[in-house]
1. Identify, please: which residue in segment 123-144 is part of a helix (DSSP H, G or I) and among the hydrophobic types (A, V, I, L, M, F, W, C) and is, among those, nearest to Ala202 (Cα to Cα)?
2. Please enumerate the residues belonging to segment 296-339 that are open to solvent by 40 Å² or more (accessible area, probe 1.4 Å) and either in contact (Cβ under 8 Å) with a residue 60 or more places away in the chain or at positive phi (or both).
3. Just give me the residues in segment 145-165 being assigned to a helix (DSSP H, G or I) and open to solvent by 50 Å² or more (accessible area, probe 1.4 Å), in sequence order.
4. Only one residue in Ile331, Ile359, Ile388 is closer than 16 Å to Asp228 by Cβ and modelled with pLDDT of 90 or more, so which one is that?
5. Which residue is most open to solvent (accessible area, probe 1.4 Å), if the candidates are limited to segment 233-246 and must be over 25 Å from Lys13 (Cα atoms) and modelled with pLDDT of 85 or more?
6. Need the failing condition index for Phe249 against (1) at pLDDT 80 or above; (2) more than 17 Å from Ile79 (Cβ to Cβ); (3) over 17 Å from the mean Cα position of the chain (by Cα), just the number.
7. Is it the case that Arg234 is in contact (Cβ under 8 Å) with a residue 12 or more places away in the chain and of a type in the set (D, E, K, R)?
8. Which of the residues belonging to segment 159-189 are out of contact with any helix residue (DSSP H, G or I) (no Cβ under 6 Å at 6 or more places or on another chain) and within 18 Å of His216 (Cβ to Cβ)?
Amino acid sequence: MNDIAIHIENLSKQYRLGLVGTGALSHDLNRWWYLIRGKEDPYLKIGEKNTRNESGTSDYVWALKNIDFSVKKGEVLGIIGGNGAGKSTLLKILSQVTGPSTGSFKAQGRMASLLEVGTGFHAELTGRENIYLNGTILGMRKSEITEKFDEIVAFSGVERYVDTPVKRYSSGMKVRLAFAVAAHLEPEILIVDEVLAVGDVAFQGKAIGKIQQVSHDFGRTVLFVSHDMESVSRLCTRCIILRDGQIAFDGPTDEAIAEYSRQMFERTECASIAARTDRKGSGQVQFKDLWLEDSEGRNIPVATVGKSLRICVEIATAQPGEAGVSAAIGIKRENGEEVSMMSIWSRGKRITFENRAVIVFDIPRLPLIEGDYILDLFMENGNMGNDIQDHLYNAFTLKVVGKDFYNSGQVVKSYKYKQYIDFEFSVR
């Protein structure tokens, strides 16, 4: 067991819907009565899966149920699954933000967690003061923090604002500084939950490189949660899939990503975009529908290699009146590998509309090879990573048919590099 960094045994977490704490006094008394008689908590015997798209009859749900696994020292473990699967609950228990209902875990070494934007920061303190505060919480001496200080600030890119209160920082700045602190103050275990998605592309690349370095060069253990399967593929050799609070798969990363994609297809094929609840963002403007058209504006069920394609995305604002956003469509393979991205913000544009609109991504000649692809939808107020309105992963399955885009007489089997897709956009 000396090579085990984290050992989790029979870990479960139950919540009572609509209440903070343990609930009613009568329930607490009932628990006490069972406890003094040496019996199990009666409310742990009931409860339903934490499934968001199904209604239930019980006031109790299991966010996690009977979780068992171990993580070796120096291992980078990916934890993937849909929203509500229990990923964040698991990491909060490991970070001791909340306690389990049943079961236990053991961790060897100092642990640093990035669970959400600004976690562990005091809003009224400056960036400099928060670096020292976080270092102290991790058990570092002041001299050790000072030794790493310049490196932390340089990595985060907030040199100009290091003496500004953190409450003035953008969400991206908070994430950059929080990650820099957590990664450079040498915890034995680093927990990263989704927050890197808030940073820009350049910082995400730096962060992934740093995670690889702390794992490979310094033998640190990393638990990495993300919906970005490409990052998971680059970082992790092993993945766990959580589904409805239980482990649905535990094994090699490539097999986990394939299994996760299969599970997501099962769920997204039966749920319309408007009904999806597994979204990220403020939700003031949301995606409502997506369909395909040919160059004549006729609805089509599939796209054809080398032919024109219009991807039409309906959006609507919850607040009557004019709204302004930028949007993008990410295209990836079934294994999660990114193929291309079509973004309005890459053109430096922002669209305005009243109440409801349809954004049309017009592709004059589709360069994708035959196969099935997954579309992710992104919508922001401005540039990517700022003021997220609506992010919807695995929103649509794009089926492409046909052969020989290049008229070479040969069928292309796969791509060597990411594809650039030429497109124009308009608003209806």
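The values are calculated or read from the model by the stated rules, or taken from the named source; none is laboratory data. Since this is a predicted model, take the numbers as computed values, not measurements. Cβ placement follows ideal geometry from the backbone for every residue including glycine, while neighbour counts extend to all protein chains displayed. Just so you know, the surface numbers come from the protein's heavy atoms only, side chains and all, with ligands and any DNA or RNA stripped out. Shrake-Rupley method; radii C 1.70, N 1.55, O 1.52, S 1.80 Å.
1. At the first step, the residues of segment 123-144 found to be part of a helix (DSSP H, G or I) are 127-137, 142-144.
In the following step, the residues that additionally are among the hydrophobic types (A, V, I, L, M, F, W, C) were identified as 131, 133, 137.
Values: Ile131: 22, Leu133: 27, Ile137: 29 Å.
Going through the qualifying residues, I end up with Ile131.
2. Result: Pro301, Val302, Thr304, Lys307, Glu334, Asn335, Glu337, Glu338.
3. We begin by selecting, within segment 145-165, every residue assigned to a helix (DSSP H, G or I); these are 145-156, 159-161.
Of everything in segment 145-165, those that are assigned to a helix (DSSP H, G or I) and open to solvent by 50 Å² or more (accessible area, probe 1.4 Å) turn out to be Thr146, Glu147, Asp150, Glu151, Ala154, Glu159, Arg160, Tyr161.
4. Working: Ile359 fails: closer than 16 Å to Asp228 by Cβ; Ile388 fails: modelled with pLDDT of 90 or more.
None of the other options fit; the residue is Ile331.
5. The initial filter retains those residues of segment 233-246 that are over 25 Å from Lys13 (Cα atoms), namely 233-237.
Keeping just the survivors that are modelled with pLDDT of 85 or more gives 235-237.
Working: Leu235: 12, Cys236: 8, Thr237: 108 Å².
Top of the filtered list is Thr237.
6. (2)
7. On the way: in contact (Cβ under 8 Å) with a residue 12 or more places away in the chain: yes; of a type in the set (D, E, K, R): yes.
The answer is yes for Arg234.
8. Passing the criteria: Ala182, Glu186, Pro187, Glu188, Ile189.
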